Amino acid sequence: MGLISDEMYEAYKKRCSVEDNTHQSVQCTNTLDAIKECVTDIYKNHILEPKCTFASPHPYKLKSFNSRQGRPMLQLRDLRLSEISRECRTAEYTMSRIWANDVTVREALGIHQGTVPLWQRCNYDILYTSDFNSSVRYHLDLTTRGYRGLVYSGDHDMLIPYIGTQAWIRSLNFSVVDDWRPWFVQGQVAGYTRSYSNNLTFATVKGGGHTAPEYMPRQCLAMLTRWISGDSLS
């Protein structure tokens, strides 16, 4: 996406060992610092959107900070609707929190008083036991049993980029059935797709971010509709 130079990328590959990151060399550390310097003010969920406070799960969970360019990143404890910036997508998350925690809304939804103290978009307070680091073997198990699979990535997502998704799909060692090609919605390229053996389909969503349907709903609906119907995306 042009966020770092070719030289930075080549230096990273040369100086940083993927197999052993416990004893990084000074050269590797310097390279990583240079890369971080280039992308630290990029909104990782969608690299084209402004970097704003991620208004979830709740303001008091967030630290106030500022970008180097001076963009205000302060998250207020009690926001009025008039104070929510329209240029930030995260404003929608803040508004959803205000709406979901409104007394009238909670009553309409039938939420009994005292059962759920606060609605959170992402509830990090739920205690989970993380007992595995990768779900790839589960994908392999399901697809080799014959279950159809659709894996998609927004191509402007830097949090979990599509090249990483492609990497773990390649690790399954499935043969390519239909190679890289565009898929269309209303005559326009909506992304690119590739089909593998064992009924596995991979697709990118052009212009999509981390949660692709949030950014490109029409295209993602078309993708899902075609896949559920058993039709080719393209």
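Bear in mind these aren't lab numbers, they're just calculated from the coordinates by the rules spelled out. It should be emphasised that the depicted structure is a prediction, and the values quoted were computed from it without experimental measurement. Note: ideal-geometry Cβ built from the backbone for every residue, glycine included; neighbour counts use all protein chains shown.
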Q.
I need Met158, Met1 ordered by Cβ neighbour count within 10 Å, fewest first.
A. Met1, Met158
Q.
Quick check: pseudo-label points 7 Å beyond the Cα along Cα→Cβ at Asn101 and Leu221, how many nm apart are they?
A. 3.1
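Among rounded, prolate and oblate, which fits segment 133-234 when a ≥ b ≥ c are the square roots of the eigenvalues of its C-alpha gyration tensor, a/c under 1.5 means rounded, and a/b larger than b/c means prolate?
Details: a/c = 1.80, a/b = 1.30, b/c = 1.39.
Since a/c reaches 1.5 but b/c is at least a/b, the shape of segment 133-234 is classed as oblate.
Going by average Cβ neighbours within 10 Å, how do the peptides 198-211, 174-187 rank, with the highest at the top?
Details: 198-211: 20.8, 174-187: 12.3.
Put in order of decreasing packing, that is 198-211, 174-187.
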Q | Residue-by-residue Karplus 3J(HN,Hα) for segment 131-140, coefficients 6.51, -1.76, 1.60, Hz, glycine and proline x | A | 10, 8, 9, 9, 9, 4, 5, 6, 4, 4
**Q.** Fraction of antiparallel bridges per DSSP, segment 136-228 only, in percent to nearest 5
**A.** 65
Q.
Please compute the length gained on full extension between Lys13 and Leu172, using 0.36 nm multiplied by the number of residues separating them and subtracting their Cα-Cα distance.
A. 54.9 nm
Q: Subtract the Cα-Cα distance of Ile228 and Asp131 from 0.36 nm times their separation in residues, and report this length gain in nm to one decimal.
A: 31.8 nm
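Among Lys44, Lys13, rank each residue by its count of other Cβ atoms within 10 Å, from fewest to most, as a rough exposure measure.
Numbers: Lys44 16, Lys13 11.
Going from sparsest to densest Cβ surroundings: Lys13, Lys44.
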Q: Take Cys88, Cys28 and order them by how many other Cβ atoms sit within 10 Å, fewest up front.
A: Cys28, Cys88
Q) What full-extension length gain, to one decimal in nm, is calculated for Lys44 and Asp179 as 0.36 nm per residue of separation minus the Cα-Cα distance? A) 45.8 nm
